[in-house]
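Report on the structure given below.
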Amino acid sequence: MCGIVGVLGKTDAAPRLLDALRRLEYRGYDSAGIATIANGNFALRRAEGKLGNLSAKLEVDPMAGTAGIGHTRWATHGAPTENNAHPHQTDRVTLVHNGIIENFKSLRDRLSKQGHKFETETDTEVVAHLLTSKLENGDDPKTAVKNTLAELHGAFALAILIHGEDNLMYGARKGSPLVVGIGDGESFLGSDAIALAPFTNKLTYLEEGDWVELSREKITIFDQSGKEISRPTTLVTTTGGLVEKGNYRHFMQKEIFEQPTVVAQTLGSYLDPLHGRILLPELPFDFASIPRITIIACGTSYYAAMVGKYWFEQLAGIPVEVDFASEFRYRHPVLPEGGLSLFVSQSGETADTMAALMHCKDKGQHVASIVNVPHSSMARESDIIFESHAGPEIGVASTKAFTCQLAVLASLAIGAAHIKGTIDEKMESRLCDALAEVPSRMAEMLYHDDAIRELGRDIAAARDVLYMGRGLTYPIALEGALKLKEISYIHAEGYAAGEMKHGPIALIDEDVPVVVLAPTNGLFEKIASNMQEVIARGGKVILIADKHGIEQYGKGVMATIEVPDVDPMVSPLLYAIPVQLLAYHTAIHKGTDVDQPRNLAKSV
């Protein structure tokens, strides 16, 4: 996850910004930068690699000014070069940004026609030029920021300085966290409270769609419509040495809400939205000659692997086998010559998965891993790794690591399809556009949290819960059941909806809630028919579907949860969120230990 920090202080800003960025190193990054403002003028220092490189530049060429912004960046749009590092600036604006601006291509085209010159391919630079255009057209800074935010589509957090304004900073969040720090004659911004711990213990967490105007004396918060609002101030005790929950009740809740940000971060490592294509690293194998992919994982990662099977087979036409790591070695698997063994793990240390990896390596397979920890044991033993960029996941029940794994698998499947020539450039561009929309659609999905909280009260009273899906949502049904079992201790099972009539439908009665995942796709009418069979037998259906699906089949169900309408290919990323929230709120109502459920550990 990229890191943001902003300071309106009394002492030199650059050393404080650098210290705050060091506290965000745990999030991972590949470049960093700082901008300050003094006597109305900007200074900028950026560097590839670790903060030591930036620190060395500052020692040689210090920066004046008591106000500034800083950023640690995982490369998203554009390579991890100094030129692409944040902050980005024009002669009127300097800013830093987390997330993805979905409509940056159309904004860039419009601004280019107006005479704006772009030095990078990043979406962040487009925001700087858009804001500059508003200022050049006569908007005052506050109006310019408001009007700029109104034109941005996506999931993002921003910290902004305006040329000539030494005592002014703006921040904004949409689907990406941002916190305001209140000091004694000082004000601060951060993507994480840890960054601000040395400066203040008085924090205000911006809520979805909020933006803020800061001076050293005053903080004014606005909602998405521009109406001035108030948000509570919290006293925190974090020392900055630990990952903390912020204003969330549990780490799991925080990690669910981080998904728009970390999925955007992950997609940014593989997706080139400017040209509508997937950029894969140099591969030690050729997808065009791979006879079969064997995907191996445990637990939640196994369900991500199941989704990956659908994607690789449907898009690239590559046969895929998925297996539990704990079973794989013991059935004496037949591995084809030149095959690819792909391992999926959050920690990169799961013992069963590691043992399976070594077995495949001994059998001469190409070995690749999707991991969240780039220096893990699995990463070191693989021919190539595909990093998932979820950041530290503290909750034992995986949430953001799962959706980031899905983001990587989707990118790999599209990239493989391009290499094999099973999709044309037009289809690749369409699929890339669909992926680019996912973070902001995820943010929209999180708006339903209050309604799902109330639904969790009803589920908490159940002894058994069933989940149904078809196609790409079948693995999400399995994952939803696993989440509920893990943290609420309610017995739950996931089924392919078409298999209900072959036995599981005997379990249906008025005491068994049935969660149905039904995106509008080629299988929609089939799963709707399966759902009607459940309703006819007294089952209490919770329908998770898009607006079209709810309008058609929402009558007669116990409850509905609306999911934004997206391309069917990316539906698993969206449908994962309501089943996570449903499990979370059910566990809260049951009073279980959400972050550390009984008998479970993070990596086994």
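The values are calculated or read from the model by the stated rules, or taken from the named source; none is laboratory data. Keep in mind that what you see is a predicted model, and the values were worked out from it rather than measured. Heads up, the Cβs are rebuilt from the backbone with ideal geometry, glycines too, and the neighbour counts pull from every protein chain shown. Keep in mind that these areas ignore ligands, DNA and RNA; they rest on the heavy atoms of the full protein, side chains included. Shrake-Rupley method; radii C 1.70, N 1.55, O 1.52, S 1.80 Å.
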message: Just to check I understand the Karplus step: with θ = phi - 60° and J = 6.51 cos²θ - 1.76 cosθ + 1.60, what whole-Hz values come out for the stretch 372-380, glycine and proline as x?
response: 9, 10, x, 10, 6, 4, 5, 4, 5
message: Tell me the angle of helix 449-459 to the major Cα principal axis of the chain, expressed in degrees between 0 and 90 and rounded to the nearest ten.
response: 30 degrees
- prompt: When only C-alpha pairs under 8 Å and at least 6 residues apart count, what is the relative contact order of the stretch 403-508, in percent?
  reply: 18 percent
- line: Counting lysine pairs in the stretch 94-202 that sit 8 or more positions apart or on different chains, with Cα atoms under 26 Å apart, gives 20
- request: Kindly state, to the nearest 0.05, the FRET efficiency for residue 119 paired with residue 229, given R0 = 45 Å and r defined as their beta-carbon distance.
  value: 0.80
- request: For residue 363, list the aspartates and glutamates whose Cα falls under 13 Å from its own Cα; do not include residues on the same chain fewer than 8 positions away.
  value: 337
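Hey, with R₀ at 51 Å, roughly what FRET efficiency would residue 501 and residue 358 work out to, going by the Cβ-Cβ distance, to 0.05?
Numbers: r = 42 Å, r/R0 = 0.83.
After rounding, the FRET efficiency stands at 0.75.
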- line: Pseudo-spin-label distance residue 143 to residue 91, built 7 Å along Cα→Cβ, given in nm, is 2.2 nm
statement: Reviewing (1) 27.4, 84; (2) 30.4, 114; (3) 24.2, 75, the figure for Rg and Dmax of the Cα atoms in Å actually calculated from this model sits under (3)
statement: In degrees, nearest 10, the alpha-carbon axis of helix 259-268 is tilted away from the dominant principal axis of the alpha carbons of the chain by 80 degrees
Inter-probe distance in nm under a simple model that places probes 7 Å from Cα toward Cβ, at residue 422 and residue 289: 1.9 nm
message: Taking the 0 to 90 degree range and rounding to the nearest ten, how far is the long axis of helix 351-362 tilted relative to the main principal axis of the chain, both from C-alpha atoms?
response: 80 degrees
- request: Would you mind counting up the charge near residue 310? Only other residues with Cβ under 15 Å from its Cβ, with Lys and Arg at +1 and Asp and Glu at -1.
  value: -2
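Taking only C-alpha pairs under 8 Å that are 6+ residues apart, what is the relative contact order of the stretch 30-176 in percent? Mind dumping the intermediate values first?
Numbers: 290 pairs, mean separation 36.9, N = 147.
Relative contact order, the stretch 30-176: 25 percent.
Would you mind working out the accessible area per residue for the chain, using a 1.4 Å probe, and quoting it in Å²? Working shown, then result.
Working: 22080 Å² over 604 residues.
So the chain comes to 37 Å² accessible per residue, rounded to a whole number.
Measure off, as a whole percent, the carbon and sulfur share of the 1.4 Å-probe accessible area of the chain, all protein chains present.
On the way: 10500 of 22080 Å².
That share works out to 48 percent.
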message: Between residue 109 and residue 201, what is the label-point separation in nm under the 7 Å Cα-to-beta-carbon projection?
response: 5.4 nm
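If the chain between residue 327 and residue 220 were fully stretched, how many nm would it gain, using 0.36 nm times the residue separation less the Cα-Cα distance? Walk me through the intermediate numbers first.
On the way: separation 107, 0.36 × 107 = 38.52 nm, distance 5.71 nm.
Roughly 32.8 nm would be gained on extension.
For the stretch 204-290, report the convex hull volume of the alpha-carbon atoms normalised per residue, in Å³, without decimals.
Numbers: hull volume 19.3 nm³, N = 87.
Here the figure is 222 Å³ per residue.
Could you calculate the FRET efficiency of residue 153 with residue 551 from 1/(1 + (r/R0)^6), where r is the beta carbon distance between them and R0 is 22 Å, rounded to 0.05?
With a Förster radius of 22 Å, E is 0.35.
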